[in-house]
Amino acid sequence: MPLTRLTLRDFRNHAATRLDGLAMFNVLVGENGAGKTNVLEALSLLAPGRGLRRAQPAEMAARHGDGSFAVAVEMEHGEVVLGTHTQPAAPGRRLVRINGALGPAARLAEWLSLTWLTPAMDRLFAESAGNRRRFLDRLVLARLPGHAQTSARYENALRERNRLLADDREPDPAWLEALESQLAETGAAIAAARADLVADLGAVLETLPEQPFARPSLAYASDTPIDAEALRAALRQGRRRDRAAGRTLTGPHRDDLAVRLAAKDAPAADCSTGEQKAMLIAIVLAHAQLTAGPRPRLLLLDEIAAHLDPLRRAALYERLAASGAQVWMTGTEPAPFAEIAGEAALWHVHDGVVTR
């Protein structure tokens, strides 16, 4: 069992919430604004990054508390405890504890594999490339825990190189060379991990029927060399151009995830909202097959069943059950989850209070 207990303190509208007796399917039901998605957001903080809403820590604290919040989960019935919290004196700084000891957020990925899908992501394929890169990196991280640290090193070096390029003074060649070496090492690793995941996802998707979920075809749209020496050479050769632009124009921060609807051979951005949502579900379900391993896996699915017909809901639940992941879903009423009522833990949420 991935998680056996979840505890929230002063998180959004949850003053003191504790969920015991968790199941493989956990369903949160309540009116809009009751605090269902807040539970999923709290869980999403147990992965490196800013969570499913990408909110700042101070935004997550309860309005009438002391400005701090805490989220904790137990695994293996208390043998492993993961937590994240803020303190009243520093509400903007989120701390992480693993079995009581402070540690970097990147280490959370060593303990849990998390993936989520929210209504805000329904138009992912029509939005900016940056959103798709974050989505892709989240999928990679759920598979490779070290991806978080590699990405952080890349972003730090990229910011520093861009700062040097934008400066009126001539950059220090030795410092520029050192930064480009770090960018090359980490950037090539990021591009390779993304490309491998997209290829493996594509192989899984190829085995699936085009119905009941629209089957997407995927490609990693990248000009980034996956060889570190080749990327280092490209950065060195592009210095003059990059300095004129004031930013680095080569690297995985410029890449994209290209998605097409296989049945129509049409770009995902040109498809209907329903088709785009169906493709997202297909990708997340295919990804669940790839992440089976020693780490417990969580799938956070916000309002996933709301607009699915009975046939697609049945197929969804069947695939989720076969994934081996602990699944968290939300909805405004229990009816769409009747098919899994016998095996799910059903929680009612009202104004930040959760009852079984």
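Quick note: the coordinates plus some simple rules give every number you see, no bench work behind them. A quick note: this is a predicted structure, and the numbers were derived from the prediction, not measured. Cβ placement follows ideal geometry from the backbone for every residue including glycine, while neighbour counts extend to all protein chains displayed.
Mind sorting out which of (i) 31, 25, 21; (ii) 36, 27, 17; (iii) 64, 20, 17 is the real semi-axes √(5λ) of the Cα gyration tensor in Å computed from the coordinates?
Computing semi-axes √(5λ) of the Cα gyration tensor in Å and matching it to (i) 31, 25, 21; (ii) 36, 27, 17; (iii) 64, 20, 17 gives (ii).
First measure r as the distance between the Cβ atoms of ALA120 and LEU208, then evaluate 1/(1 + (r/R0)^6) with R0 = 22 Å and state the FRET efficiency to the nearest 0.05.
So the FRET efficiency works out to roughly 0.30.
Step by step: find N for segment 1-50, compute 2.2 N^0.38 Å, then divide the Cα radius of gyration by it. What's the final number?
Here the Cα radius of gyration is 1.15 times the empirical estimate.
Can you compute the label reach from ARG243? Point 7 Å from Cα along the Cβ direction, backbone N cut-off under 11 Å, restricted to segment 156-195.
It comes to 165-173, nothing else.
Tell me, what is the FRET efficiency for GLU79 and VAL353 to the nearest 0.05, using R0 = 30 angstrom and their Cβ-Cβ distance as r?
That gives a FRET efficiency of 0.55.
Could you calculate the FRET efficiency of GLU339 with GLU31 from 1/(1 + (r/R0)^6), where r is the beta carbon distance between them and R0 is 30 Å, rounded to 0.05?
In this case the efficiency is close to 0.85.
Tell me the mean residue ellipticity at 222 nm calculated for the chain from its helices only (DSSP H runs of n ≥ 4, each -39500 (n - 2.57), averaged over every residue, nearest 500).
-12000 deg cm²/dmol
With Cβ to Cβ distances under 11 Å as the rule, what net charge do the other residues near PRO252 carry (K, R +1; D, E -1)?
Value of the local net charge: -2.
Run the numbers on the chain and let me know its relative contact order in percent, using alpha-carbon pairs under 8 Å that are six or more apart.
RCO, the chain: 26 percent.
Just to be sure I understand the curve: with the Debye formula and one point per C-alpha of segment 6-128, what is log10 I(q)/I(0) at q = 0.15 Å⁻¹?
The Cα Debye sum returns log10 ratios of -0.71.
How far, in nm, would the chain grow between ALA221 and ASP172 when pulled straight, counting 0.36 nm per residue and subtracting the alpha carbon separation?
14.4 nm
Give me VAL354, VAL80, VAL73 ranked fewest to most by other Cβ atoms within 10 Å of their Cβ, as a rough exposure proxy.
Least crowded to most crowded, the residues run VAL80, VAL354, VAL73.
Apply the a/c threshold of 1.5 to the C-alpha gyration tensor of segment 259-315 and tell me whether it is rounded, prolate or oblate.
Cα axes put segment 259-315 in the oblate bin.
Obtain the nm distance between the two label points defined at GLU110 and ALA152 by a simple spin-label model: each point lies 7 Å from its Cα along the Cα-to-C-beta direction.
Between GLU110 and ALA152, the label points sit 1.2 nm apart.
How much net charge surrounds ASP223 when only the other residues with a Cβ under 9 Å from the Cβ of ASP223 are counted, with Lys and Arg +1 and Asp and Glu -1?
Summing Lys/Arg as +1 and Asp/Glu as -1 gives 0.
Highest GNM mean-square fluctuation, the chain, Cα pairs closer than 10 Å: which of ALA70, ALA126, ALA335?
Evaluated over the chain, the most mobile residue of the options is ALA335.
Which net charge results when you count Lys and Arg as +1 and Asp and Glu as -1 among the other residues whose beta-carbon is under 12 Å from that of VAL81?
-1
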